[in-house]
Amino acid sequence: MDPLSLPKLKQHNSLSNIIAIFLSTMAMLSKNLHSTSTPLQLLLVLLSLQRLFLFQQWNWNPIFHLLLLFCFFLVYVLRVGALAFKPPSVYLVDFSCFKPPSTCQLPLSRFIQHASSIISFDSQSVEFMAKIVASSGLSEQTYLPPALLSSPPKTHQREYIKEAEMILLPLMDDLLTKAKLSPRDIDILVVHCSAFCPSPSLSSIIVNKYSMRSDVKSFNLSGMGCSAGAIGIDLAQNLLKTNNNCYAIVISTEILSAGWYSGHERSKLLINCLFRMGSAALLLTNRKEASKTSKYRLIRTLRTQTAFDDKAYLTAIREEDEDGKLGVTINKGLLPAAGELLRSHMTILGLKILPLTEKLKHVVSVIRKKFKDKEGEIYMPSFKTAIQHFCLPTSGRALIGEIAKGLNLDGRDVEASLMTLHRFGNQSSSSMWYELAYMEAKERVKKGDKVLMLGMGTGPKCCSCVWECVRPIAGDSNKNNPWRDCIHLYPIEAVSSISQT
């Protein structure tokens with residue numbers, strides 16, 4: 001046979017060979033064509049495929065060479081196109097937590113004495129609140145704003161604005177100082193506060209006080225509850241996807257004087273007992289150069305809610321009592337509703353972040369229980385295979401315990417949540433940042449670690465953020481960290497056991 005002539009292949013074998021080569025070539029190129037591949041590396045891939053064709057004695061047929069070049073070109077174009085339209089990564093440059101002055105501290109004895117002096121509370125209301133505070137897990141060092149420490153409490157618009165300025169302005173100053181930025185460097189501003197929504201808004205107050213640019217994109221969220229912190233991050237992330245080279249500030253706060261309840265209904269008095277002063281601000285950016293100096297990279301956000309269900313919707317709602325006094329009603333069905341919401345949320349999140357082995361173990365256990373061992377237990381995937389640190393809602397020891405049980409977390413995993421509840425109380429949407437500050441003060445967060453922040457609020461709604469630590473941050477733990485003067489006292493063994501919840 002003439003060596004230059006084409007081999008006589010059977011028709012069906014030729015078609016199957018072409019299909020096999022196309023699929024294998026696409027798979028190999030897809031595996032090797034990535035954003036950091038150099039032209040030399042791509043050439044080596046091409047030559048290796050040619051050697052494969054020589055070995056298979058397909059080198060004499062020009063169609064195989066054309067097919068190889070076509071596969072190479074197709075995958076390369078698709079890859080370059082994907083990279084071109086891929087949104088930039090979002091980085092957390094730094095964050096700040098507000099630590100109130102010592103004059104705002106409220107020991108339990110002072111709380112009872114103060115509540116007793118308020119005419120609107122009867123003895124039964126005071127006794128109920130004292131009982132709740134004593135069993136809540138709060139320490140003697142939590143804070144209330146000056147307006148609520150007055151007798152009677154000052155609950156009017158002027159005091160709300162004073163409290164907002166007392167918290168937000170020092171917080172902004174600290175964050176901008178850490179980042180070495182001017183207020184006019186900020187492109188996006190997101191502020192959220194559930195109970196207080198003035199006009200002009202809180203975001204407008206900040207824009208005015210700092211003389212920010214006229215084109216700054218400012219947003220003000222209200223009524224979102226304790227999940228607003230993670231929701232604000234999700235909003236900022238979406239804005240950063242469509243605006244290049246931007247800085248975004250997200251502020252989580254709660255104006256307690258606007259949410260104070262002065263009536264007798266016990267379901268509304270719970271807010272007075274658990275919520276305490278606190279606020280946090282974080283600086284996000286999508287600038288490429290920030291990858292070397294930022295603390296964390298945002299990996300994923302997820303939002304779910306059950307507001308469509310009437311029973312769940314009414315578990316926590318702000319309304320007037322029979323005397324016309326406004327307050328937030330906390331119903332007994334809150335914990336079951338929160339548990340159901342968390343279960344559905346973590347199921348979706350698990351599908352996105354858990355390793356394949358954990359998913360397979362769960363699927364196999366479900367199949368085994370259905371078809372073989374009816375009495376067997378279903379394997380619950382371990383989120384600790386994908387996440388190293390957890391920032392959970394600090395709505396109370398009972399909720400922290402239920403979440404720990406559902407996610408199979410141990411005492412160390414929920415230590416930051418319990419200690420934050422103990423030292424600072426429930427600070428609504430900003431609590432998760434005090435938890436992260438605790439972990440940093442303990443120098444537990446290492447480069448490459450993943451951090452899960454979980455927020456749950458009225459609605460009910462659940463929102464989570466997954467962060468990856470991108471640089472060592474041990475040296476930053478004492479930069480205005482709210483724990484810096486007391487971290488050596490923690491953890492406190494008496495409140496660190498989740499079995500007590």
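The values are calculated or read from the model by the stated rules, or taken from the named source; none is laboratory data. Keep in mind that what you see is a predicted model, and the values were worked out from it rather than measured. No Cβ is skipped: glycine too gets one built from the backbone with ideal geometry, and neighbour counts run over all protein chains shown. For accessibility, only protein heavy atoms count, side chains too; no ligands or nucleic acids. Shrake-Rupley method; radii C 1.70, N 1.55, O 1.52, S 1.80 Å.
Peptides 142-150, 439-447: what's the order by average Cβ count within 10 Å, highest mean first?
Ranking the peptides 142-150, 439-447 by packing returns 142-150, 439-447.
Could you rank the peptides 389-397, 416-424 by their average count of other C-beta atoms within 10 Å per residue, with the highest value first?
Sorting 389-397, 416-424 by mean packing, highest first, produces 416-424, 389-397.
Hey, with R₀ at 22 Å, roughly what FRET efficiency would residue 185 and residue 293 work out to, going by the Cβ-Cβ distance, to 0.05?
0.90
Rounded to the nearest 5, what % of DSSP beta bridges with both residues in the range 90-497 are antiparallel?
Counting DSSP beta bridges with both partners in the range 90-497, the antiparallel share is about 75 percent.
Which ³J(HN,Hα) values in Hz, rounded to whole numbers, follow from the phi angles of the range 378-391 under the Karplus curve 6.51 cos²θ - 1.76 cosθ + 1.60, where θ = phi - 60° and Gly and Pro get x?
7, 6, 9, x, 8, 5, 6, 6, 10, 10, 9, 9, 10, 10
Per the 1.4 Å probe, what fraction of the accessible area of the range 90-497, in percent, lies on carbon and sulfur atoms?
53
Counting only other residues whose beta carbon sits under 12 Å from that of residue 332, what net charge do I get with K and R as +1, D and E as -1?
Summing Lys/Arg as +1 and Asp/Glu as -1 gives +2.
Quick one: give the max-minus-min coordinate of the C-alpha atoms of the range 90-497 along each principal axis, largest first, in Å.
Answer, in whole Å and largest first: 65, 54, 44 Å.
Count the lysine pairs in the range 327-406 whose Cα atoms lie under 18 Å apart, taking only pairs 8 or more positions apart in sequence or on different chains.
Summing the qualifying lysine pairs gives 11.
Let me check I've understood the local charge: for residue 280, count other residues with C-beta under 12 angstrom from its C-beta, Lys and Arg +1, Asp and Glu -1. What total comes out?
Combined, the nearby Lys, Arg, Asp and Glu give -3.
Pop a pseudo-label 7 angstrom from the Cα along the beta-carbon direction at both residue 213 and residue 123 and give the gap in nm to one decimal.
6.3
Grab the other residues whose beta carbon is less than 13 angstrom from that of residue 124, score K and R as +1, D and E as -1, and report the net.
Computed value for this residue: -1.
Can you give the relative contact order of the range 90-497 as a percent, counting alpha carbon pairs under 8 Å and 6+ residues apart?
RCO, the range 90-497: 22 percent.
Could you tell me the distance between the Cα centroids of the range 132-188 and the range 288-351, to the nearest Å?
Centre-to-centre (Cα) distance: 23 Å.
According to a simple spin-label model (label point 7 Å from Cα along Cα-to-Cβ), what is the distance in nm between residue 165 and residue 311?
Result: 4.8 nm between the two label points.
Could you state the number of Å between the C-alpha centres of the range 405-478 and the range 208-234?
Cα centroid to Cα centroid, the span is 21 Å.
At residue 368 and residue 141, where each label point lies 7 Å from the Cα along Cα→Cβ, what is the point-to-point distance in nanometres?
So the two model labels end up 4.8 nm from each other.
Just read off the accessible area of residue 218 with the full protein assembly in place, 1.4 Å probe, to the nearest 10 Å².
Residue 218 exposes around 50 Å² with every protein chain in place.
If you count only protein heavy atoms with a 1.4 Å probe, what accessible area per residue comes out for the range 90-497, rounded to a whole Å²?
Per-residue value: 43 Å².
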